[in-house]
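Have a look at the structure below before the remarks.
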Amino acid sequence: MNDPTPPAPTPPAPTPPAPPGADRPAETAVRLGGPEYQRAPAALYRDLRRRYGGVAPVLLDGDVPAWLVLGYAELGHVTAHDELFARDSRRWNRWGSVPPDWPLLPFVGHRPSVLFTEGAEHQRRAGVITEALEAVDQFELAHGCRRIAELLVDGFAGCGEAELMARYAHALPMRAAIRMCGLPDRGPDAEELVRDLGVSLDVGEGDDPVGAYARVQARIQRLVQDKRAAPGPDVASRMLAHPAALTDEQIVQDLIALIAGAQQPTGNWIGNTLRLLLTDDRFALQVSGGRLSVGQALNEVLWLDTPIQNFIGRWAVRDTTLAGRRIRAGDCLVLGLAAANADPGIWPDGRVGAENAAHLSFGNGEHRCPYPAPLLADVMARTAVETLLERLPDVVLAVEPEQLAWRPSVWMRGPTELPVRFTPVAG
């Protein structure tokens, strides 16, 4: 096994500086983040679209320049053309200015993961994940999620009040995802794993994302060793047995990507949906009476408050243009999923609705979430929301809706807390 510390990115050969002009992100870039972004990210996206069109120059942590792809059509173009905008981050022309403790290194530093593969190698690696996930029985998964949900609700049902983000929305998909991959879904080991996954995915002030990622990798390495010796009916064992014969290190990296993709985004999907159901009058009359509104709310959240706001990213293979902007070889492009979903070009009447599932919340193109991952995430989210509403039919917010705060993250979208009250019931 390799050292569990994330490998340091290797800077490419120096690239010549870009000439003065609007095609240099650092010249006129807007900082992506800060108080303004935290208050109203949608307003910032609208302002950027008004000023720059479908692609805007932005500054990431440490004032590192990048391009934010805002337009629905532009994002579709980028993700559909891997020959122009590829996933291998070693192409980046800014590695020389990135410090070793950069907070976004766990997102961007190249690793032997399916996330950074391209072409035939990506198809091979993604195929292993797809076949391992296809063997997951969705009815069995729903039953397992129901069991987890019941246990979680039992933990606070007698209190008459609870904070749902930490105790329910994030806890359920974490337990379901690691159980699906072959790890115990309860106990100190599971709790430590989900904490480290959260830090490595959604960096907060004072967090150590590099250290957290190292601990996650070490834990998944032990899982792969255990399943190599004693296989079971789980995703990790199926990946190890696949005829593609991936190495243990490749499987470790791909399991991390799989668990992380299931846990944090699905937790925010659950939390954002519960928030919508508890604050929007359109759903209030239906919540206790039927399940139709749950499906509508789940889909609407993917349009309006998608759990993954932005994704980093793609790197230009060669000099090209996009939405009138000159993109240079090695430039980094951040995929603005939330901005693209709200692009007025696809909602000309100004009303963003949930009439269809053509959102980009699960990505697009060859690097979108592998089938059937979105279906499994829907099973987790739907089961979580429905079980809570069935067990606590009179649940209401414990604060005014305007008192709810969003997490201060450029990448993930979810409430920091979701305090509720209800009639206490026996566990």
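The values are calculated or read from the model by the stated rules, or taken from the named source; none is laboratory data. Everything quoted here is computed from the prediction, not taken from an experiment. Here the Cβ positions follow ideal geometry from the backbone for every residue, glycine too, while neighbour counts run over all protein chains shown. Each accessible area value is taken on the protein alone, full model and side chains, heavy atoms only, with ligands, DNA and RNA left out. Shrake-Rupley method; radii C 1.70, N 1.55, O 1.52, S 1.80 Å.
Using heavy atoms of the protein chains and a probe of 1.4 Å, the accessible area assigned to VAL317 is about 50 Å². With contacts taken as Cα pairs under 8 Å and at least 6 residues apart, region 130-280 reaches a relative contact order of 30 percent. Highest mean packing comes first when the peptides 418-425, 374-381 are listed by Cβ atoms within 10 Å, giving 374-381, 418-425. Comparing ILE148, ILE129, ILE346 in a Gaussian network model of the chain (Cα springs below 10 Å), the most mobile by mean-square fluctuation is ILE346.
When peptides 55-64, 158-167 are ranked by their average number of other Cβ atoms within 10 Å per residue, the highest-first order is 55-64, 158-167. For VAL64, the amide hydrogen comes within under 5 Å of no other amide hydrogen, counting only partners 5 or more places away or on other chains and with H modelled in the peptide plane. Model label points for ALA329 and GLN123, set 7 angstrom from Cα along the Cα-to-Cβ axis, are 2.6 nm apart. Would you mind pulling out the separation of the Cα centroids of region 198-261 and region 74-89, in Å? If you average the Cα positions of each part, the centres end up 26 Å apart.
Solvent-accessible area of MET180, all protein chains in place: 30 Å² (probe radius 1.4 Å, heavy atoms, ligands and nucleic acids excluded).
A simple rule links phi to the HN-Hα coupling: the Karplus curve 6.51 cos²θ - 1.76 cosθ + 1.60 with θ = phi - 60°, which for region 371-382 gives 5, x, 3, x, 5, 5, 4, 5, 4, 4, 5, 4 Hz, with x for Gly and Pro. Report the residue, chosen from HIS143, HIS359, HIS367, that carries the largest GNM mean-square fluctuation when the chain is represented by alpha-carbon nodes joined by springs under 10 Å. Its mean-square fluctuation being the largest, the pick is HIS143. Taking a ≥ b ≥ c as the square roots of the Cα gyration tensor eigenvalues, the chain comes out oblate, since a/c reaches at least 1.5 and a/b does not exceed b/c. Region 153-180 and region 324-391 have Cα centres separated by 24 Å.
Give the shape of region 57-203 as rounded, prolate or oblate, defined through the alpha-carbon gyration tensor: a ≥ b ≥ c are the square roots of its eigenvalues, a/c under 1.5 means rounded, and otherwise the shape is prolate if a/b is larger than b/c and oblate if not. Prolate, because a/c is 1.5 or more and a/b exceeds b/c.
Would you mind calculating the relative contact order of the chain from Cα pairs under 8 angstrom and at least 6 residues apart, reporting the percent as a whole number?
Averaging sequence separation for qualifying contacts and normalising by length gives 26 percent for the chain.
Accessible surface calculations at 1.4 Å, restricted to protein heavy atoms, place the chain at 42 Å² per residue.
Per residue of the chain, the DSSP helices (runs of n ≥ 4 H) give a summed -39500 (n - 2.57) that works out to -14500 deg cm²/dmol at 222 nm. Out of ASP331, ASP208, ASP305, any idea which swings most in a Gaussian network model of the chain, alpha carbons joined below 10 Å? Residue with maximal mean-square fluctuation among ASP331, ASP208, ASP305: ASP208. Distance between the modelled labels on ALA358 and LEU84, one decimal in nanometres: 2.0 nm (7 Å Cα→Cβ projection).
Rounded, prolate or oblate: which one fits region 30-126, using the alpha carbon gyration tensor with axes a ≥ b ≥ c (rounded when a/c is under 1.5, else prolate when a/b beats b/c, else oblate)? Note, shape of region 30-126 comes out oblate. In region 150-198, the portion of solvent-accessible area held by carbon and sulfur atoms comes to 52 percent [1.4 Å probe, whole percent, DNA, RNA and ligands not counted].
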